[in-house]
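Accompanying notes for the structure given below.
Values quoted throughout were computed directly from the atomic coordinates according to the rules given, and no laboratory measurement underlies them. What you are looking at is a predicted structure, and each value in this text was computed from that prediction instead of being measured. No Cβ is skipped: glycine too gets one built from the backbone with ideal geometry, and neighbour counts run over all protein chains shown.
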Amino acid sequence: MVRVKKRFILTSSTMLYLLIMKILLVIIGQADAIHHSHMGGHAHHRVVHRHIREPKELHLAAVFPMQGHGGWLGGQGCLPAALMALEDVNNRTDLLPGYKLRLHWRDSQCNPGKAASEMYDLLYDFPTKLMMLGGCSIVSSTIGEAAKMWNLIVVSYGSSSPALSNRKRFPTFFRTHPSATIHNPTRIKLFNMFEWSRIAIIQEAEEVFTSTGVDLEARCKEANIEVVSRVNFITDPTDAVKTLKRQDARIIVGMFYVAAARRVFCEAFRQKIFGKQYVWLLIGWYEDDWYTIQDKGHNCTTEELKQALEGHITTEALMLYKEENKTISGMTSKTFMDRYIQTLEKDNNTNGRRPEGFQEAPLAYDAVWAVALALNKTIARLRQREELIERFTYTNKIIMGELWKAMNATQFLGVSGYVSFSAKGDRMAQTQIEQMINGAYYKIGYYDYPTDDYQKTSFEPQWIDGKPPQDRTIIKTTLRTVSLGLYAGMTSVALLGILWAIGLLIFNWVFRHSRYIAWSHPSCNNILLIGVIVCQFSVALLGLDGQFVDVTVYPHICQARAWLLASGFSLSFGSMFSKIWRVHRLATKAKAESKAEIQKIKSWKLYSVVGILLAIDLVILVFWTVMDPMQRKIQIFPHEDPPGDIDEDVKIQPELELCVSKHHNVWLGIMYSYKVIGSQQDACFAFVALAIIFCSYISMTLVFIPKITELIRRPRERQDCRGPTDNISSREEEERLRRLQIENEALKKQIQEVTQIND
């Protein structure tokens with residue numbers, strides 16, 4: 001603040017000095033006029049012509065980004081073009097009669113703070129500046145917003161931020177460089193042309209790019225294009241690039257300054273986000289050899305960056321007029337470029353390569369012409385009002401208003417094409433599309449958004465794989481089913497179990513009167529065998545899946561599995577439990593009532609145990625089926641790589657059919673954990689099937705093998721029939737008889753001992 005105040009005081013003193021000098025000049029001029037009136041009209045006429053031959057200077061301020069780190073340093077290429085335009089305008093006799101333009105410029109370094117300081121220096125230093133030129137979006141945002149405080153028109157030759165279209169923030173801002181949003185309709189056009197409906201955006205955290213990204217995302221939403229991710233970075237793009245890879249982004253729109261672009265693609269090379277599966281869409285205002293520059297921001301070689309950039313597409317506003325017509329300067333666009341290159345070589349600005357801002361040079365040239373035409377029109381209007389443009393001050397809103405109207409109405413054919421401004425001060429222009437092939441850019445088309453006109457060039461887009469990449473990995477769903485070999489094997493084993501159980505039923509019936517069979521309660525054994533048959537049959541249902549049954553039938557299969565397995569288990573377990581309970585009762589009664597008559601245990605009591613278990617199952621299953629029936633559910637697993645002979649863009653999405661209900665755990669309780677083997681359909685089926693088969697086989701083996709073995713060893717026992725054995729009381733009487741025999745033998749021994757003593 002102290003510095004500004006000091007400059008203001010110096011400027012006031014200077015103005016006071018100039019005012020005194022002006023008064024003296026007026027007095028001297030009047031005296032000189034009186035003197036020349038005595039010398040005749042001829043001398044006076046000569047003095048007038050001398051003043052006409054010496055035009056007055058109209059001063060312009062400008063900031064050019066020449067040096068610095070990061071950002072757009074396009075002043076290197078734009079300043080020579082602006083000076084060329086200044087020279088051409090001043091050489092025209094039909095433009096700005098009696099005036100000539102003078103440019104006062106400073107280096108902004110594409111730094112808003114530096115630009116603000118230089119702007120204040122330019123404005124507070126004498127003389128007064130009529131208009132201002134600027135470049136670099138972040139700089140233009142600063143000077144454009146501040147310029148309204150000085151009633152100053154700002155014309156930008158190199159600012160693309162969409163935020164600059166806000167007339168409330170930037171009421172006096174115009175630009176010959178189109179807004180970055182002009183890229184977005186072109187990008188949408190390309191997405192539709194190549195049938196891409198899924199994209200990602202990576203952008204540097206600058207207003208010009210974030211606002212463009214917001215606009216692109218909104219346009220994608222309208223076009224039904226999915227933006228899978230929009231990531232930002234400040235300086236290090238590592239995490240942002242990793243996010244793109246994690247999101248499986250294939251079509252990537254990149255928006256960043258050129259220095260950041262080298263860092264991004266160095267990281268993309270490391271992460272292998274390039275090649276035939278990827279397409280990058282970048283800003284087109286980088287120089288053609290931008291990737292060859294080695295800086296400290298990355299450690300990749302030029303060849304590595306070239307490899308990562310192969311096939312990428314750029315979009316940029318058309319910056320050089322395509323036709324051979326002469327422009328307002330009298331030159332064609334080709335003539336301008338030839339002269340411009342000669343100027344660069346003369347000034348030794350090339351250093352063996354094109355300077356940054358080379359592509360925007362026509363925009364800078366036309367920006368000066370736009371200013372000159374607006375000033376020319378303003379001068380004519382002010383003369384009609386008996387006003388002079390050199391009377392402009394930073395508080396003069398009348399002259400500023402005339403300048404604004406003239407600039408807003410400016411239209412001409414420049415070397416960059418047809419120049420006109422929208423109501424927001426934006427340049428209207430076509431966009432050109434280029435593609436990098438083997439390190440060089442080739443134009444593949446032009447797009448005019450207002451007319452939706454896309455013009456192809458003779459160069460067709462080149463793709464590494466011969467076709468445009470897919471916008472995503474193609475996911476092929478594969479239903480995990482039980483292998484036919486395993487299903488056939490398990491079903492065969494279960495069938496053998498069923499046949500064995502049927503054989504044991506026959507065996508149990510044939511030898512039902514044998515003592516060994518009768519004592520083990522053959523009716524309970526028959527119930528056990530029926531339960532085994534039911535469980536074995538459920539094995540076949542467990543293996544039925546999508547390869548055998550329709551999705552509408554699958555829920556019924558799920559329900560049948562539960563019914564068969566539950567009832568089969570209850571029959572088998574119930575019969576074995578009832579037999580164990582019977583033995584327990586006999587053992588306890590034998591101890592408590594060894595001398596008393598053991599009460600008979602009726603058969604219906606054993607059957608009632610099985611009946612109760614079946615009834616409980618029936619109630620649960622009925623409520624389960626009615627209230628919360630099992631449904632078919634698909635469990636999805638992580639993607640898997642396809643076999644080697646399948647395209648790399650394909651991933652396998654494994655799916656597994658499950659039988660579930662809303663309250664599955666409540667109904668089933670704790671069952672096998674499919675968190676462990678649930679993703680392996682063969683292992684799941686094999687585990688459950690083997691559990692059922694093994695338990696069934698073990699049950700039949702333990703119950704019947706000893707009986708069969710004993711009958712083989714003692715054939716006479718096969719005919720030891722004792723009548724019907726379905727009544728428990730007969731076996732109790734046999735047990736009682738056995739104890740009486742033991743007691744009788746003991747009494748006989750006692751009698752013998754007494755007899756021996758008496759003898």
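Taking θ as phi - 60° and the Karplus parameters 6.51, -1.76 and 1.60, the scalar couplings of region 362-377 work out to x, 5, 5, 4, 6, 5, 5, 5, 4, 5, 5, 5, 5, 5, 4, 5 Hz in sequence order, x denoting glycine and proline.
Pairs from the list Lys322/Lys456; Lys322/Lys405; Lys148/Lys405; Lys221/Lys405; Lys114/Lys148; Lys221/Lys443 with a Cα-Cα gap above 25 Å: Lys322/Lys405; Lys221/Lys405; Lys221/Lys443. Amide H contacts under 5 Å for Phe412: Val419, restricted to partners 5 or more places along the chain or on a different chain, H placed in the peptide plane at 1.01 Å from N. For region 469-565, the fraction of C-alpha pairs more than 20 angstrom apart is 56%. Amide hydrogen proximity for Arg480: with H placed 1.01 Å from N in the peptide plane, the residues at 5 or more positions away or on another chain lying under 5 Å are Glu655, Leu656, Glu657. Computed from backbone phi with θ = phi - 60° and the Karplus coefficients 6.51, -1.76 and 1.60, the 3J(HN,Hα) list for region 113-130 is x, 4, 5, 4, 5, 5, 5, 4, 4, 5, 6, 7, 7, 6, x, 5, 9, 7 Hz; x is used for glycine and proline.
Annotation: peptides 113-122, 220-229, 126-135, ranked by per-residue average of other Cβ atoms within 10 Å with the highest first, follow the order 126-135, 113-122, 220-229.
Most tightly packed first, judged by the mean number of other beta-carbon atoms within 10 Å of their residues, the peptides 562-569, 464-471 read 562-569, 464-471. When the listed pairs Lys189/Lys326; Lys306/Lys346; Lys100/Lys346; Lys100/Lys129; Lys129/Lys397 are checked against a 22 Å cut-off, the alpha-carbon distance exceeds it for Lys189/Lys326; Lys306/Lys346; Lys100/Lys346.
Considering region 463-507, its Cα convex hull presents a mean projected area of 5.0 nm². Applying both filters, DSSP loop and at most 13 other Cβ atoms within 10 Å, to the chymotrypsin sites (Phe, Trp or Tyr not before Pro) of region 441-516 gives Phe459.
Phi angles across region 475-487 convert, under the Karplus curve 6.51 cos²θ - 1.76 cosθ + 1.60 with θ = phi - 60°, into 3J(HN,Hα) values of 9, 10, 6, 10, 7, 6, 10, 5, 5, 4, x, 5, 4 Hz, Gly and Pro given as x. Given their separation in residues at 0.36 nm each and the Cα-Cα distance between them, Ile612 and Thr393 gain 68.2 nm when the chain is fully extended.
Cα-based values for region 185-236, radius of gyration first and Dmax second, are 11.4, 34 Å.
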